[in-house]
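Peer 1: Just dropping this structure here.
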Amino acid sequence: MGAPMAERLLDHGFDLVVFDPAPQAVASLVARGARAAGSAAEAAAGCDVVFACLPNPEVSRAVALGTAGIATAKGVGIYVEMSTIGSDTVADIAQGLAVHGIATLDAPVSGGPRGARAGSLTVMAAGPQAVFDLCRPRLEAIAGRVFHVGITPGQAQVAKLANNMISAAGMVASFEAVTMGVKAGLDADVLIDLINVSTGRCGATLDKFPQSILTRSFDYGGKLGTMYKDVMLCLAEYRARGVPHHASSSVAQVWFQGIAHGRGDDDYTSLIQVIEDWPGVEVRGKAAPVAKDGQDV
């Protein structure tokens with residue numbers, strides 16, 4: 001996610017300093033005009049706006065507040081946290097950076113790697129109006145849609161996790177229902193086509209089935225383990241606010257099955273293969289390669 005967003009900032013004429021623990025990860029950005037740094041603090045020093053797009057809460061805390069993190073850099077204006085890490089972590093980061101005179105904009109994104117490459121991401125941002133206004137031109141370079149959802153860092157995390165829980169639930173419901181239909185002898189292509197002009201349509205049936213499941217490519221662009229992380233973060237948000245979450249808890253159990261089957265690093269559309277194993281069927285479209293010995297090719 002980070003690399004294509006950085007490319008779009010470069011394409012829009014912003015000066016960019018980049019850091020990643022793996023030097024090869026920034027090589028293409030340096031070739032396009034970015035400058036490489038040796039640490040997060042070095043990359044951030046003297047920058048008006050610092051962007052972070054990181055995999056989990058622990059890494060975000062370390063990058064923002066660690067011994068070589070943003071808090072130790074001089075001359076930083078605003079830290080934009082684009083990771084999905086939960087409201088508590090963002091609140092802690094904002095509080096820790098405020099001690100050093102650094103403002104925080106909570107700004108997770110939706111749209112995945114495909115949206116990042118296309119510039120069609122949705123950004124949901126939370127932070128003081130003046131901070132958001134200063135960052136908005138940069139956010140609009142990255143995304144197709146930008147929403148200011150609140151003035152308190154952490155509120156955007158809640159918005160992102162609500163969206164992702166709905167997405168995760170839609171995948172589980174559609175994966176189970178379509179597998180049931182195929183087990184009953186229905187044609188998978190026809191079933192998806194009719195659902196997509198009926199009341200059951202959702203993001204999974206409109207996009208993920210045609211692009212990655214019916215084709216058996218399982219390459220939509222998001223890791224199963226990342227979605228599981230977001231589902232568990234959303235459960236924490238429910239509990240923190242005393243909101244019932246019976247359906248969401250059941251959804252989490254299905255995503256955990258994907259983790260238990262060792263699919264954490266696989267594309268999240270591969271969760272349907274875990275479900276298919278139970279009745280012994282495959283949701284295979286006409287465009288899928290011919291199966292050999294029961295294996296996808």
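The values are calculated or read from the model by the stated rules, or taken from the named source; none is laboratory data. Keep in mind it's a predicted model, so treat the numbers as computed, not measured. All Cβ positions, glycine included, derive from the backbone under ideal geometry; neighbour counts span all protein chains shown.
Peer 1: Filter segment 149-175 for residues that are of a type outside the set (Gly, Ala, Ser), surrounded by fewer than 17 Cβ atoms within 10 Å (Cβ to Cβ) and in a helix (DSSP H, G or I) and give the result.
Peer 2: Correct list: ILE166 only.
Peer 1: Without any contact (Cβ under 8 Å) to a residue 24 or more places away in the chain, over 26 Å from THR89 (Cβ atoms) and part of a helix (DSSP H, G or I): is that true of LEU206 in this structure?
Peer 2: yes
Peer 1: Restricted to segment 167-203, and to residues that are without any contact (Cβ under 8 Å) to a residue 24 or more places away in the chain and of a type in the set (Ser, Thr, Tyr), which residue is farthest from MET227 (Cα to Cα)?
Peer 2: My answer is SER198.
Peer 1: Please state which of the following conditions VAL254 fails to meet, knowing it meets all the rest: (1) in a loop (DSSP other than H, G, I, E, B); (2) buried (at least 20 other Cβ atoms within 10 Å of the Cβ).
Peer 2: Result: VAL254 fails condition (1) only.
Peer 1: Now for a separate question. Out of the residues in segment 66-98 that are β-branched (Val, Ile, Thr) and either closer than 22 Å to LEU10 by Cα or part of a strand (DSSP E or B) (or both), state the one that is farthest from the chain's Cα centre (by Cα).
Peer 2: VAL76
Peer 1: Moving to a separate point now. Can you name the residue in segment 125-148 that is touching a helix residue (DSSP H, G or I) at 6+ places or on another chain (Cβ under 7 Å) and not in a strand (DSSP E or B) and is also farthest from GLY13 (Cα to Cα) among such residues? Working first, answer last.
Peer 2: If we filter segment 125-148 for residues that are touching a helix residue (DSSP H, G or I) at 6+ places or on another chain (Cβ under 7 Å), which is where we start, we get 125-126, 138, 141-142, 146, 148.
Then drop every residue that is not not in a strand (DSSP E or B), which leaves 138, 141-142.
Numbers: ARG138: 10, ALA141: 10, ILE142: 12 Å.
Selected residue: ILE142.
Peer 1: Quick one: which residue in SER28, SER83 is in contact (Cβ under 8 Å) with a residue 12 or more places away in the chain and either closer than 30 Å to TYR238 by Cα or touching a strand residue (DSSP E or B) at 6+ places or on another chain (Cβ under 8 Å) (or both)?
Peer 2: Values: SER28 fails: either closer than 30 Å to TYR238 by Cα or touching a strand residue (DSSP E or B) at 6+ places or on another chain (Cβ under 8 Å) (or both).
Selected residue: SER83, the only one of SER28, SER83 that is in contact (Cβ under 8 Å) with a residue 12 or more places away in the chain and either closer than 30 Å to TYR238 by Cα or touching a strand residue (DSSP E or B) at 6+ places or on another chain (Cβ under 8 Å) (or both).
Here's the yes/no breakdown for (1) in the same structural domain as THR104 (by TED's automatic domain parsing); (2) charged (D, E, K, R):
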{"site": "ARG145", "(1), (2)": "yes, yes"}
{"site": "HIS148", "(1), (2)": "yes, no"}
{"site": "ALA162", "(1), (2)": "no, no"}
{"site": "ILE166", "(1), (2)": "no, no"}
{"site": "ALA173", "(1), (2)": "no, no"}
{"site": "LEU186", "(1), (2)": "no, no"}
{"site": "ILE195", "(1), (2)": "no, no"}
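Peer 1: For residues in segment 99-113 being at pLDDT 95 or above and in a loop (DSSP other than H, G, I, E, B), which is nearest to LYS223 (Cα to Cα)?
Peer 2: Taking the candidates together, the pick is PRO108.
Peer 1: Can you confirm whether segment 125-135 contains a residue that is more than 19 Å from GLY203 (Cα to Cα) and of a type in the set (S, T, N, Q)? Please lay out each step first, then the result.
Peer 2: Going through segment 125-135, the residues more than 19 Å from GLY203 (Cα to Cα) turn out to be 125-135.
This time we only want the ones that are of a type in the set (S, T, N, Q), so: 129.
Yes; the residues of segment 125-135 include at least one that is more than 19 Å from GLY203 (Cα to Cα) and of a type in the set (S, T, N, Q).
Peer 1: Could you please find all residues in segment 219-251 being part of a loop (DSSP other than H, G, I, E, B) and free of Cβ contacts under 8 Å to residues at least 60 places away in the same chain? Full working, then the answer.
Peer 2: So in segment 219-251, the residues part of a loop (DSSP other than H, G, I, E, B) come out as 219-222, 242-245.
ASP219, GLY242, VAL243, PRO244, HIS245, listed by residue number.
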